[in-house]
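What follows is calculated from the coordinates using simple rules that are stated; it is not laboratory data. Please read these numbers as outputs of a predicted model, since none were measured by experiment. Please note: Cβ atoms are built from the backbone with ideal geometry, for glycine as well, and neighbour counts cover all protein chains shown.
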């Protein structure tokens, strides 16, 4: 979607036009969902995060800086909502662990299933072995083609931190090279 048309839709959306919201939603849903799939393991949690992202987009539209690309702003919302979800999940996990400790009942968590939608399953498995912070940097770099400087801005962390996470993630992926097909390893080794 062209930026001028997107700006017109955003202006209509600010005025309360729900059809403009639906148009933006339809144009961005697949890209946002793919990013969330890589960052959140459980399918039900993904849906919760997606709902939060678009509710946050609607409520914080007044904060959108029209001098920046819309997708850059939207990916910032995605990253912040995933981070909020992780904080909430960690709190819930701690509460459940306390309850489980008191009741001595075993809980069985579902194994995470990664929806790849066109991404090689082996690559997805390798990404899942990265830490959350490393995974965020790799996804923003390779799937959304952001520069390291833009990633630092999106994540609101120093550029040096982004570079160290990026380097550590590539090192980890290189260690798991037996998982990745040879043509993908050539691409990773070029970086």
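Quick notes on this one:
- Distance between the stretch 51-80 and the stretch 160-177 - C-alpha centres, whole angstrom: 28
- Neighbour-count ranking [beta-carbon atoms within 10 angstrom, fewest first] of 28, 59: 59, 28
- The peptide list 15-25, 161-171, put in order of mean Cβ contacts within 10 Å with the highest first, becomes 161-171, 15-25.
- When each of the peptides 61-67, 47-53, 76-82 is scored by the mean number of other C-beta atoms lying within 10 Å of its residues, the order from highest to lowest reads 76-82, 47-53, 61-67.
- As a proxy for reagent exposure, ranking 138, 123 by other Cβ atoms within 10 Å from fewest up yields 123, 138.
- Exposure proxy order (Cβ contacts within 10 Å, fewest to most) of 159, 9: 159, 9
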